[in-house]
Amino acid sequence: MVAKMKIASILFEEKWINNNFTYKELDKHILNFCMENYANTENHDFEKLEVYLKQFVHTEVEHKVVSILRGTSGVEEELTYGAFKIYPSKLIDKHIKCKNWDDLKKDFLDENTDEIMIETSVFSSNKNRAQEIANERMENFINILSFFVYSKKRRFELRIGKSDSFLLSVSLINYSNTVVLQRNIKGPFFKMDLKEVLNTWDEFLNKLLKIEKDIWENTANEIEKRLFNSIQWAGRALKESYEDKKFIQAMFGMEALLQEKNKNNVISPSITSQMSEVLIFCLGENYEERAEIEKNFKQLYTTRSNIAHGERTQVSEYESNLVLDYLRHIIFYFLKNDTFKTFKDVNEFIKNEKYKKM
């Protein structure tokens, strides 16, 4: 069982497999392959398994997903960011053409309210896997937007009064030219000018969406992956209404970006010291600033450890806001710095900063 799960995890990193099989379906096919070839151990290799799997893959077709961001405003024309389109609801008929749309549109949209739509497409031969990928990428995009909203507004009102947002799933081929409506996603925005945010962070938003594309194509470098994962944790944290959950997820974002994976080092500095070093030398301009950052971060990480070991169950709003603020600053530092490709590059920078004259 463990071996089968490991094989599925390895195969799932192949793009053509990731695009066309759900994990559950892949697991089932691997089990069947092993049972059919049980007597012949020579057939138990990846090449033969891949040949076996390809018989279940058909022509990839486009699956379109549209989601409403309720309560947003300011977008009057169609905008394109990476694989995503943002447009006002008055343009939706241009994007959705199918036999049951006129009836469904009445339930999906309030004709007296201007909504902002986000749309993306996925190519797959498997409608279930296409839906999984599209939902995941849409959620990733919304997390990125949440981070930039926070960075622009510097406050948390956008978490208050969240109204339901409906997810519209469209596949003109695999759903027999019909639209399927799922009511299961909540929008993280509340009465804010989305265009203002998009205009402010246009360069960085496009950069992140290029990284998102590279991650799906398995071409992103180590720092790009760390940066993307860190922003995902930041976006999740900003949707939390409880300070302890917000704090922990923001700290996960810090770890995703700054924690070194010491595979070969027998002796390594503590996690707290190693992460605080990156923070202080990237964000601190002088001795006083660096000393303040180090003191604060070590206190914050002690809080994180106390929560993990059951010694604390609550954190203050000040603590969660402080870790989010440090996370925002370090994310932008990495976004602006194109010289870091691996964590080795980060360590070289820290080493040079340590020993240069102040």
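Quick notes
- Unique match (being of a type in the set (Lys, Arg) and without any contact (Cβ under 8 Å) to a residue 12 or more places away in the chain) among Lys246, Lys295, Lys261, Lys239: Lys295
- Residue within the stretch 55-67 that is among the basic types (Lys, Arg) and either open to solvent by less than 50 Å² (accessible area, probe 1.4 Å) or more than 30 Å from Glu196 (Cα to Cα) (or both) present: yes
- Criterion: within 30 Å of Asn199 (Cα to Cα) and surrounded by 16 or more Cβ atoms within 10 Å (Cβ to Cβ) - qualifying residue of Phe108, Phe21: Phe108
- Residue in the stretch 80-89 that is in a strand (DSSP E or B), more than 23 Å from the chain's Cα centre (by Cα) and without any contact (Cβ under 8 Å) to a residue 40 or more places away in the chain present: yes
- Set side by side, the residues Leu257, Leu198, Leu238, Leu194 differ, and just one is in contact with a Leu (Cβ under 9 Å, 6 or more places away or on another chain) and either at pLDDT 95 or above or of a type in the set (Asp, Glu) (or both), which is Leu257.
- Positions within the stretch 76-92 being under 27 Å from Lys213 (Cα atoms) and exposed (fewer than 14 other Cβ atoms within 10 Å of the Cβ), in sequence order: Glu76, Glu77, Thr80
- Yes/no for Phe349 being within 19 Å of Asn286 (Cα to Cα) and touching a residue at least 24 places away in the same chain (Cβ under 8 Å): yes
The values are calculated or read from the model by the stated rules, or taken from the named source; none is laboratory data. Values in this document were obtained by computation on a predicted structure and should not be read as measured data. Please note: Cβ atoms are built from the backbone with ideal geometry, for glycine as well, and neighbour counts cover all protein chains shown. Ligands, DNA and RNA are excluded from the accessible area calculation, which covers all protein heavy atoms including side chains. Shrake-Rupley method; radii C 1.70, N 1.55, O 1.52, S 1.80 Å.
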